[in-house]
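Inspection log for the structure reproduced underneath, given as structure tokens.
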Amino acid sequence: MSAFFDRPAEAEYAPFYAGYIHLVPAGDVRDHLRTQVHETIALLSGVSEERAGQAYAPGKWTLKEVIGHVTDAERVFGYRMVSIARGDPAALPAFDENLWAPASNANALSVAALVLQLASVRASTVQLADSLSEEAFTRRGMASGKVISVRALAYVCAGHERHHFKIIRERYLGL
């Protein structure tokens, strides 16, 4: 099998990411990255600005903040992918999504603008993944104090979006 089809081994990521990685179906992870964003865009395209500005419960993020969070997280995961793929030995820092979401300005943006950002960031992730050799795809580095491979990060991108897609469908849109 090719490194692009092989699910990452548990030694390639911290246990925290297992839930995301296991949400990704078998197959070429790059194909999942390419196609799943279209499902998310279709789901979000009909959401009103009013609804997107609401949280499903007190103390939870608004739907706009969730979209911004998925985008910001993928930006971070993408940076980690390129850094590790290029062989940079630097340990990469963690990020605190609970600090980032309120500071993101997502609630001041339109749903269309947020969806465009998400689609643009995903297109960048796909282009990066498509450009990598199998050797680079299996490289490992340090992020958030834990070992992670480029392959695992690609799976995390796909699984993280899938995780939030489910939450958006069920808790925000009641589907």
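The values are calculated or read from the model by the stated rules, or taken from the named source; none is laboratory data. Computed from a predicted model, the values in this text were never measured in an experiment. Heads up, the Cβs are rebuilt from the backbone with ideal geometry, glycines too, and the neighbour counts pull from every protein chain shown. For accessibility, only protein heavy atoms count, side chains too; no ligands or nucleic acids. Shrake-Rupley method; radii C 1.70, N 1.55, O 1.52, S 1.80 Å.
Miscellaneous remarks
- Residues (touching a residue at least 24 places away in the same chain (Cβ under 8 Å) and among the small types (G, A, S)) located in segment 58-85: G68, A73, G78, S83, A85
- For segment 13-94, the helices (runs of 4 or more DSSP H) that sit wholly inside it and include 1 or more residues that are in contact with a strand residue (DSSP E or B) (Cβ under 9 Å, 6 or more places away or on another chain), open to solvent by 50 Å² or more (accessible area, probe 1.4 Å) and not acidic (D, E) are 63-85.
- Test: residue in segment 1-8 that is of a type in the set (S, T, N, Q) and under 15 Å from A119 (Cα atoms): no
- Members of segment 105-134 found to be free of Cβ contacts under 8 Å to residues at least 60 places away in the same chain, more than 21 Å from D72 (Cβ to Cβ) and not polar (S, T, N, Q), listed by number: L132
- Considering the conditions (1) open to solvent by 20 Å² or more (accessible area, probe 1.4 Å); (2) over 18 Å from R169 (Cβ atoms); (3) in a loop (DSSP other than H, G, I, E, B), P8 is excluded by exactly one of them, (1).
- Some residue of segment 125-142 being loosely packed, with under 14 Cβ neighbours inside 10 Å, of a type in the set (A, V, I, L, M, F, W, C) and assigned to a helix (DSSP H, G or I): no
- Looking across A57, A85, A91, A14, one residue alone is touching a helix residue (DSSP H, G or I) at 6+ places or on another chain (Cβ under 7 Å), modelled with pLDDT of 95 or more and more than 21 Å from L118 (Cα to Cα). It is A85.
- Of the candidates T138, T125, the single residue that is within 21 Å of A26 (Cβ to Cβ) and under 13 Å from the mean Cα position of the chain (by Cα) is T125.
- The one condition in (1) surrounded by 14 or more Cβ atoms within 10 Å (Cβ to Cβ); (2) in contact with a strand residue (DSSP E or B) (Cβ under 9 Å, 6 or more places away or on another chain); (3) over 15 Å from L153 (Cα atoms) that Q117 fails to fulfil: (2)
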